[in-house]
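Report on the structure given below.
No lab work stands behind these numbers, since they all come straight from the coordinates. The model shown is predicted, which means the values in this text are computed figures rather than measured ones. When we count neighbours, we look across all protein chains shown, and the Cβ atoms used for this are built from the backbone with ideal geometry, even at glycine.
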Amino acid sequence: MISITEQEFNKLSEYIEQNYGIHLKEEKKSILTSRLYLELINSNCKNFTEYYEYIRSDKSGKAAASLINKITTNHTFFMREAEHFDYFRDKVLPYLASTVKDKDLRVWSAGCSSGQEPYTLAMIISDYFHNNKLFWDTRILATDISEKVLLKAMQGIYSSEEIESLPSIWKLNYFDKLDDNRYRVADKLRREVIYRKLNLMDNFPFKKKFHTIFCRNVMIYFDHKTKIELIKKFYDNMEYGGYLFIGQTETIPRNETKFQYIMPAVYRKV
């Protein structure tokens, strides 16, 4: 195993934080070393200094993309923090259905990981609008910085254990069985989610504002300053009356945001 020096760790962690917002503490040094070991070998780098220079000099962006695939943790599952989905179904959708006059519903799953969150939202929306859905544009934007998880999300293939927590009617209506242990999200539902690679540190490219943004368990990797800047960008890119959902372990200091606190991990632009 190639070891990493203090100086090399500081250089890499600074690069990662500046470009992706992810703050790596000192105790993450061994994890970073183990996750990037094969990257060094595959890029013919003898040490982390050479690897750092390799990433910075690679104009194709492939080296940086491979780096972010290695260092991001993409732990998620269907119905995670289920009370959020209940609130979205029972409170948010009825409000939006009565106030969005052009019937263009704009929902964003930011940090969508392997797709469980946006597909869950798509199923809830499909059930809610039912036959009236024909008159609405309800496609969900789902973004992540990792190309690896976006590929899995677009494929929409999950094990029977992964979809075990879903209602039986959803499994019947929105999934196709591939074999004894694998299910694929049905085409009609996969078409409802638009996947894109997006770095939340970049300027947002959106022309229209969102009615709801889910960004859950993403900001736990950011330092305070980066988190507050991102929250402001969410606020500026949201319609008045819109809702922001963050992770249950995350908080927004009320004196540092214009969002109104609604309930744990749920905020609103008013």
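In table form, for the structure just shown:
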| read-out | value |
| --- | --- |
| Cα centroid separation, segment 22-62 to segment 81-129 (Å) | 38 |
| Neighbourhood net charge (14 Å Cβ-Cβ; Lys/Arg +1, Asp/Glu -1) for Thr257 | +4 |
| Qualifying trypsin sites (Lys or Arg not before Pro) in segment 37-75, DSSP loop, other Cβ atoms within 10 Å at most 12 | Lys46, Lys59 |
| Reciprocal mean inverse distance between Cα atoms of segment 39-133 - Kirkwood radius, Å | 16.8 |
| In segment 112-211, the trypsin sites (Lys or Arg not before Pro) that fall in loop regions by DSSP, at most 11 other Cβ within 10 Å | Arg191, Lys207, Lys208 |
| Exceeding the 30 Å Cα-Cα cut-off - candidates Lys207/Lys269; Lys70/Lys269; Lys11/Lys233; Lys177/Lys208 | Lys70/Lys269; Lys177/Lys208 |
| Charge dipole (debye, nearest 20) of segment 11-77; +1 at Cβ of Lys and Arg, -1 at Cβ of Asp and Glu | 100 |
| Projected label distance in nm at Asp187 and Val270, using a 7 Å step from Cα toward the beta-carbon | 4.6 |
| Within the chain, percent of DSSP bridges classed antiparallel, to nearest 5 | 40 |
| Qualifying chymotrypsin sites (Phe, Trp or Tyr not before Pro) in segment 173-267, DSSP loop, other Cβ atoms within 10 Å at most 13 | Phe206 |
| Point-charge dipole on Cβ atoms (K/R +1, D/E -1) for segment 1-118, about Cα centre, debye to 20 | 280 |
| Structure-derived volume of the Cα convex hull per residue in Å³ - corresponding label in [x] 117; [y] 182; [z] 145 | [z] |
| Extension gain (nm, one decimal) between Tyr240 and Tyr15, 0.36 nm per residue minus Cα-Cα | 77.5 nm |
| Computed FRET value (nearest 0.05) for Val100 with Asp180, which takes r as the C-beta separation and R₀ as 35 Å | 0.25 |
| Acute angle (nearest 10 degrees) that the helix 48-57 long axis makes with the longest principal axis of the chain, alpha-carbon atoms | 60 |
